[in-house]
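Novice: Below you will find the structure I want to go over with you.
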Amino acid sequence: MMLRRGFILFLPRLVGLLVVACCSVSIVYMLACTPKGDNQQLALPRVHGPTAKEGYEAILQEREEQHRNYIVSLKKQIAQLKAELQGRSEQLKNVQDQHSDPLDIRLDHSNPEKAQANLLAFLRSQIDKAEVHSGIKLSTEYAAVPFESFTLQKVYQLETGLTRHPEEKPVRKDKRDELIEVIELALGSLNNPEGDSNAKHHVYTASDFVEGIYRTEKDKGTLYELTFKGDTKHQFKKMVLFRPFGPVMKVKNENVNIADTLINVIVPLAKRASKFRQFMQNFRWVSIPVLPLLFPTWKVRCNFRIDECFLSSRSANFKNFTFIQLNEEFSRGKGLDVGARFWKGNNVVLFFCDVDIYFTAEFLNSCRLNTQPGKKVFYPVLFSQYNPSIIYGHHDSIPSLEQQLVIKKETGFWRDFGFGMTCQYRSDFINIGGFDLDIKGWGGEDVHLYRKYLHSNLIVIRTPVRGLFHLWHEKQCLDELTSEQYKMCMQSKAMNEASHGQLGMLVFKQEIETHLHRQKLSSRKT
């Protein structure tokens with residue numbers, strides 16, 4: 001790494017030297033070829049002298065010989081400079097080739113000492129690249145990477161989502177272990193200062209830790225700045241640590257063919273016939289007639305036969321659906337479990353879905369790509385719509401459903417507290433034990449299954465996806481709920497209605513209208 005930097009720094013100097021050398025040669029050539037002054041000019045034979053012709057020829061031959069010698073000398077110098085430049089360029093190219101691919105750092109098993117030295121040099125270079133010793137010019141205020149702060153008990157964070165709090169104990173084990181490791185490393189460094197080991201010094205403990213801040217630049221590393229109590233009230237010890245990120249390493253390169261990967265969409269249905277009709281209407285737009293649809297169904301009270309919902313689908317040559325009638329108390333987990341075990345064919349991907357969900361063909365591809373039997377299950381984070389009547393209340397009319405499916409802060413939120421929509425292979429679902437069938441009604445069964453997968457050796461893929469939407473519907477808070485349950489239900493209802501800003505506009509609606517009315521009267525008077 002250092003050698004490459006040296007060549008990179010030396011290359012501009014070499015080019016400058018070449019330019020200076022060429023200029024010098026040109027000046028010498030001009031001086032040599034310029035006729036001399038009157039005092040230095042060679043005496044020419046007189047025109048009418050007896051040796052005039054021979055004298056001119058001798059002088060011309062002499063000058064011509066001098067020019068040839070200069071030309072030969074210049075050519076030699078140019079050839080030498082070109083050869084030297086080519087050699088330097090090849091050396092620089094070799095260094096760049098050796099370090100252009102960071103994988104070489106780990107792949108050079110023939111020389112482990114060199115590989116280790118290169119890796120250490122790369123990690124040290126990450127500190128120089130990161131914003132540690134000096135600031136970096138940024139284009140906008142949004143380009144700054146903010147710090148988050150922490151103490152021994154709490155973490156104070158900016159990007160919280162809906163499942164995390166601005167102040168909380170670090171729940172994730174990796175984050176908790178990371179901060180503990182940093183504090184212990186800082187204490188070890190403070191208690192073993194460089195220099196005289198026999199000198200008396202203050203012994204620092206975790207109780208001396210005041211606070212820390214940290215931030216991560218995804219391509220460089222994490223910077224930690226820790227503050228400890230000093231010897232007096234107004235003295236502090238500051239420790240700066242940096243965890244550099246290593247070079248990107250190739251893990252796998254494979255081709256994935258999902259043409260024959262079948263997905264079973266399983267949708268439990270009870271007392272929501274109107275939503276079911278909308279679901280089938282939306283499903284037509286997915287345009288994938290090969291998907292088997294399984295509907296574990298309880299008694300549906302409606303003004304039409306449930307089969308009527310499929311008339312438009314039958315006209316589109318879609319007949320791959322099955323109703324499974326269940327004559328018992330409703331249980332979402334039981335319905336999904338029955339639907340999963342109903343399939344008797346080859347191992348397929350199961351997509352557990354609800355009737356108020358809209359998904360695209362692209363999402364189904366993500367479902368296939370992020371599941372692998374015995375290896376991976378997929379838990380997408382869907383985008384939940386706000387109340388269209390509030391979002392588009394200032395419009396002349398509410399846009400069509402397809403036009404509402406946009407991912408913006410004003411139109412909805414990532415439902416990161418929901419685990420009901422999931423894709424997994426049937427074999428993994430059976431092997432994990434399926435749903436807890438003792439859970440009745442809606443809710444609880446999804447978290448239970450999610451925890452089962454987390455406690456297994458399967459990889460759980462949890463990520464927001466752009467092709468999966470929860471369609472808004474009114475949330476009912478029943479009178480039978482306790483006061484605490486009713487309060488939580490209303491809080492959840494408010495969260496699903498609109499964004500913070502939109503709810504604020506509703507709260508201050510009267511004040512806003514009063515202001516607009518006053519402005520209107522004022523404009524009339526003027």
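Novice: If packing is taken as the average number of other Cβ atoms within 10 Å across a peptide's residues, how do 276-282, 218-224 rank, most packed first?
Specialist: Output ranking for 276-282, 218-224: 276-282, 218-224.
Novice: Length gain on complete extension for the stretch residue 57 to residue 203, per 0.36 nm per residue less the alpha carbon to alpha carbon distance? Before the final figure, lay out each step's value.
Specialist: Numbers: separation 146, 0.36 × 146 = 52.56 nm, distance 9.75 nm.
Contour length minus the Cα-Cα distance gives 42.8 nm.
Novice: For the pairs 114/252; 173/238; 275/487; 275/375; 271/375, flag any whose C-alpha to C-alpha distance is greater than 28 Å.
Specialist: Among 114/252; 173/238; 275/487; 275/375; 271/375, the Cα-Cα distance tops 28 Å for 275/375; 271/375.
Novice: With a point put 7 Å past each Cα toward its Cβ, work out how far residue 132 is from residue 151 in nm, to one decimal.
Specialist: The two pseudo-label positions are separated by 2.9 nm.
Novice: Hey, which lysines would be in cross-link range of residue 509, C-alpha to C-alpha under 21 Å, not counting anything within fewer than 8 residues on its own chain?
Specialist: Qualifying lysines at Cα under 21 Å: 409, 493, 520.
Novice: Within segment 471-526, list the GluC sites (Glu not before Pro) lying in a DSSP loop whose Cβ has at most 13 other Cβ atoms in a 10 Å radius.
Specialist: Passing sites in segment 471-526 are 474, 480.
Novice: Moving on. Quick one: which residues, 5+ away or cross-chain, put their amide H under 5 Å from the amide H of residue 236? H built at 1.01 Å from N.
Specialist: 230
Novice: Give the calculated FRET efficiency between residue 510 and residue 389 to the nearest 0.05, with a Förster radius of 22 Å applied to their Cβ-Cβ distance.
Specialist: Between residue 510 and residue 389 the formula returns 0.70.
Novice: Pulled fully out, how much extra length does the chain show between residue 463 and residue 325, if you take 0.36 nm times their separation in residues and subtract their Cα-Cα distance? List each step's numbers first, then the result.
Specialist: Working: separation 138, 0.36 × 138 = 49.68 nm, distance 3.37 nm.
Result for the pair: 46.3 nm of gain on full extension.
Novice: Still on this structure, please answer the following. Between residue 503 and residue 478, how high is the FRET efficiency from 1/(1 + (r/R0)^6) when r is the Cβ-Cβ distance and R₀ = 25 Å? Nearest 0.05.
Specialist: 0.65
Novice: Going 7 Å from the Cα of residue 456 toward and past its Cβ, which residues in segment 322-352 have a backbone nitrogen under 16 Å from where you end up?
Specialist: 337-338, 340-341, 347-352
Novice: Moving on to the next point. Leaving out ligands and nucleic acids, note down the accessible area per residue over segment 388-442 with a 1.4 angstrom probe, in whole Å². All intermediate terms of the calculation are to be shown ahead of the outcome.
Specialist: On the way: 3000 Å² over 55 residues.
Normalised by residue count, the accessible surface of segment 388-442 is 55 Å².
Novice: Could you tell me what % of all Cα pairs in segment 456-526 have separations over 17 Å?
Specialist: 70
Novice: So what's segment 383-477 giving for Cα Rg divided by 2.2 N^0.38 Å, two decimals?
Specialist: Rounded to two decimals, the normalised Rg is 1.37.
Novice: Let me ask you something else. Pop a pseudo-label 7 angstrom from the Cα along the beta-carbon direction at both residue 171 and residue 191 and give the gap in nm to one decimal.
Specialist: Spacing of the two 7 Å Cα→Cβ label points: 3.3 nm.
Novice: Could I ask something else about it? Whose amide H sits under 5 Å from the amide H of residue 351, counting only residues 5 or more places off or on another chain, with H placed in the peptide plane?
Specialist: Under 5 Å from the amide H of residue 351 lie the amide H atoms of 264, 265, 266, each far enough along the sequence or on another chain.
Novice: Let me ask something else. What list of ³J(HN,Hα) couplings, whole Hz, do you get for segment 208-217 from phi and the Karplus terms 6.51, -1.76, 1.60, once you set θ to phi - 60° and write x for glycine and proline?
Specialist: Calculated HN-Hα couplings, in order: 7, 6, 8, 6, x, 10, 8, 8, 10, 9 Hz.
Novice: Which of the lysines could a cross-linker bridge to residue 220, judged by Cα under 20 Å and excluding same-chain residues fewer than eight apart?
Specialist: Counting by Cα, and skipping residues close in sequence, residue 220 has these lysines nearby: 129, 137, 175, 250.
Novice: Also, quick follow-up: For the pair residue 396/residue 216, report the inter-label distance in nm, with labels modelled 7 Å from Cα in the Cβ direction.
Specialist: The answer from the label model is 4.9 nm.
Novice: A follow-up question, please. Amide H of residue 435: which non-local residues (sequence gap of 5 or more, or other chain) have their own amide H closer than 5 Å, using H built in the peptide plane?
Specialist: Distant-sequence amide H within range of residue 435: zero hits.
Novice: Taking R0 as 22 Å, what's the FRET efficiency between residue 248 and residue 181 from their Cβ-Cβ distance, rounded to 0.05?
Specialist: The computed FRET efficiency comes out at 0.40.
The values are calculated or read from the model by the stated rules, or taken from the named source; none is laboratory data. Since the structure is predicted, the reported quantities are computational estimates derived from the model, not experimental observations. Neighbour counts run over all protein chains shown; Cβ positions are idealised from the backbone, glycine included. Surface areas here come from the heavy atoms of the whole protein model, side chains and all, with no ligands, DNA or RNA. Shrake-Rupley method; radii C 1.70, N 1.55, O 1.52, S 1.80 Å.
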